[in-house]
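To start, the structure itself, in structure tokens.
The values are calculated or read from the model by the stated rules, or taken from the named source; none is laboratory data. Computed from a prediction, not measured in an experiment: that's the story for all the values here. We place every Cβ from the backbone using ideal geometry, glycine too, and count neighbours over all the protein chains shown. For accessibility, only protein heavy atoms count, side chains too; no ligands or nucleic acids. Shrake-Rupley method; radii C 1.70, N 1.55, O 1.52, S 1.80 Å.
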Amino acid sequence: MKKARFILALVVIAAVLCLFLSCGKKSSDDKMSGTLVFSLWDNDSYKLFESLDLEGRFQELYPDANIEFEKIKDDSEYWNAMKMRAAANQLPDIMYNKTFTLARFKEYLVDLTDTQAAKHNAAAAGYAVDGKILGIPEKMSGEYVYYWKDMFQEAGVAVPTTWDEFCKAAETLQAYFGKNNPDFMAIAIGGKDEWPTYPFSEFMPATQGGNGQNWNTMASQDEPFSPGTDFYTAYEKIDRLFKSGVFGKDPLGIGNDQANALFAQKRAAIFVSGGWALASIRAGADSLDQLGTFYLPVRDSASDPYRVITQGDSFMGITTHSKNPELAKAFVEFYFSDAWYPDYINSISEDSTMDTVIKEKDPILAEADTLAPGKVMVMYDGGGDDFTALVAATAFDYKKLASQMLMKDFDTKAALADLNAKWKEARAKLNK
């Protein structure tokens, strides 16, 4: 009997000890507390986080944690704010980056290479900086030409497959609908915000030559804005389109939200933007029955490769300024886990980056794939350290340059010649 009581006592002690150890481990996770400041610029994402209750679902795992969403007006203002706050040691706990800003903020971002989120992300390693994964892309983003099929049909316009056809289609639409409506825009663009020019200004040089590393290639050249380069050839095409009047009488007078809304109400026939824009179009349109998509045809002839840009987008990272780095890492792991990510990615238009989640493409966006069965994907890189340094030294801003090109009297060739001179001088000074 004594032996039995002794064994029982040992079992009880072992059970208590096991419970204590397991509870202690659980406490180290569940009892993490604090507030995470999460900065973002995308209003659609902000609304989605609210509707899907991102904070509440995170709190199911970490009851004493809070998320403070810091919404900044747009991406231009966002980068300016992050730059100033980096210098002041006041970055948020969680921040988004783009392909072209990862290198810019690399000294302020925590290495996430060893996280499960990074290990199961199909695109993250491809955007590593100095061998470190500093941001995990939450989506793969494609660029689309949205168009109203009934407007194309009424104007007798077919879906274009070359750049020349695209320009002529826009001109035909402008002439047809503009004759009775002086405010009509064949292509709606929010030139006032500058950044909406990016499908043309940012991506077309890479698409032109099929070189996703185009910015890094330019960083190795003294005169990358010269005739014959991918940049020059792409900007010749952009200049032709931008000077043709197909963006209406005042493309610099409206911002992106207004341009999106006007297109949704069929006051424009074409809108060029990312897959993420579909949500806003859907919200503003009376019906999507006649909405279609195709890829921007940068090529010169139908026999040329139909190149299409794709990229990892919205790189979620943790800053070195975080006051709760462990909680921030727990949030990133949660965000890309089955507890959140499948519901999130299936609520937006973009593609999944996680090998754990397979997503079917929205039928409207899938039309673009049907129309370009032999497309060649170009994985876009936003430029490395050398390119970033040269941009800073020359004040080169492709979005601002493109918005200036929307002005009829702007001399694009002179601007490119000036950039060549500044670029060559900067490379010499920086020893690039």
* To do: Identify, from the list L430, L401, L419, L406, the residue that is among the aliphatic types (A, V, I, L, M) and more than 30 Å from E107 (Cβ to Cβ).
  => L406
* When both residues are 6+ apart or on different chains and their Cβ atoms are under 7 Å apart, which pairs have a first residue that lies in region 382-405 and is without any contact (Cβ under 8 Å) to a residue 12 or more places away in the chain, and a second that is open to solvent by 10 Å² or more (accessible area, probe 1.4 Å) and of a type outside the set (D, E)? -> Q404/F410
* **Subset of region 389-424 (residues that are closer than 13 Å to F242 by Cα and not in a helix (DSSP H, G or I))** => L406, M407, K408, D409, F410, D411
* Subset of region 39-88 that is in contact (Cβ under 8 Å) with a residue 60 or more places away in the chain and assigned to a strand (DSSP E or B) - its residue that is nearest to G274 (Cα to Cα) -> I67
* **Filter result (closer than 28 Å to F200 by Cα, more than 17 Å from the chain's Cα centre (by Cα) and surrounded by 16 or more Cβ atoms within 10 Å (Cβ to Cβ)) within region 297-348** => P297, V298, R299, Y306, R307
* Positions within region 75-110 being among the small types (G, A, S) and in contact with a helix residue (DSSP H, G or I) (Cβ under 8 Å, 6 or more places away or on another chain), in sequence order -> S76, A86, A103
* Asked: If R267 satisfies every condition in (1) under 22 Å from G178 (Cβ atoms); (2) surrounded by 18 or more Cβ atoms within 10 Å (Cβ to Cβ) but one, which is the exception?
  -> (2)
* Asked: Are any of the residues in region 19-33 at pLDDT 85 or above and out of contact with any Cys (no Cβ under 8 Å at 6 or more places or on another chain)?
  -> yes
* Qualifying residues in region 129-141 (those that are part of a strand (DSSP E or B) and in contact with a Lys or Arg (Cβ under 9 Å, 6 or more places away or on another chain)) - the one least open to solvent (accessible area, probe 1.4 Å) -> V129
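Specify the residue that is nearest to the chain's Cα centre (by Cα); the eligible residues are those in region 171-211 that are of a type in the set (G, A, S) and surrounded by fewer than 23 Cβ atoms within 10 Å (Cβ to Cβ).
First, pick out the residues of region 171-211 that are of a type in the set (G, A, S): 175, 178, 186, 188, 190-191, 201, 206, 209-210.
Those still in the list that are surrounded by fewer than 23 Cβ atoms within 10 Å (Cβ to Cβ) too: 175, 178, 209-210.
Numbers: A175: 33, G178: 33, G209: 21, G210: 19 Å.
Within region 171-211, the match that is nearest to the chain's Cα centre (by Cα) is G210.
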* To do: Identify the residue in region 142-170 that is in contact (Cβ under 8 Å) with a residue 24 or more places away in the chain and among the charged types (D, E, K, R) and, among all such residues, is most open to solvent (accessible area, probe 1.4 Å).
  => E165
* Which ones in region 264-284 are of a type in the set (G, A, S) and assigned to a strand (DSSP E or B)? -> A268, A269, S273, G274
* Asked: How many residues, within region 349-380, are surrounded by fewer than 15 Cβ atoms within 10 Å (Cβ to Cβ), in a helix (DSSP H, G or I) and over 20 Å from the mean Cα position of the chain (by Cα)?
  -> 2
